[in-house]
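First the structure, in the form of structure tokens, and then the observations on it.
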Ligand code: FES
């Protein structure tokens, strides 16, 4: 990125029109799993909720996703991008989405805002784990 202060057009577009954002009462989103994380650098928080379905071949995938944050423009754009990337992926594939993949999708982030992009995928990781723990038979983990 040439100008370290500049946001790409994709970042701006996702910030202004965030996808899968939980507007208002997030309890209306019936979640199969949810994860919440805080950013130790800035103190912001991120909540991600997922719905999971099973394909005919037995693969579990993210059928829907919703999120909410106190975070900044970078966090909002990054998590909007993450939510697009994660939808319809298997749990395993969605769990592998990295901050780099999110940044690439957005066409880059200013270096000093890179830490904002990790909030979403950390919360998604927790939401997937939460789903798997709820589903596991009692005593197994
Ligand atoms: S400054 Fe907190 S998430 Fe970006």
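Every read-out reported here was derived from the displayed coordinates using simple, explicitly stated rules and does not represent laboratory data. Quick caveat: nothing in here was measured; it's all calculated off a predicted structure. With ideal geometry, Cβ positions are generated from the backbone for all residues, glycine too; neighbour counts draw on all protein chains shown.
Measuring r between the beta carbons of residue 6 and residue 104 and using R0 = 22 Å, the FRET efficiency lands at 0.85.
Once you sort the root eigenvalues of the Cα gyration tensor of the chain as a ≥ b ≥ c, which label holds: rounded (a/c under 1.5), prolate (a/b larger than b/c) or oblate (the other case)? Prolate. Largest GNM mean-square fluctuation across 42, 72, 116, computed for the chain with C-alpha springs under 10 Å, falls on 42. Which shape class applies to the range 69-114: rounded if a/c is under 1.5, otherwise prolate when a/b exceeds b/c and oblate if not, where a ≥ b ≥ c are the square roots of the Cα gyration tensor eigenvalues? Prolate. Highest mobility in the GNM of the chain, judged by mean-square fluctuation with C-alpha springs under 10 Å and restricted to 120, 107, 35, is found for 107. Given R₀ = 25 Å, FRET efficiency for residue 53-residue 16 by Cβ-Cβ distance, to 0.05? With R0 = 25 Å, the Cβ-Cβ based efficiency is 0.25. Round to the nearest 10 and give me the degree value, 0 to 90, for the angle of helix 118-135's Cα axis relative to the longest principal axis of the chain. Compared with the principal axis, the helix lies near 0 degrees.
Computed from Cα atoms, the angle from the helix 73-86 axis to the main principal axis of the chain rounds to 40 degrees.
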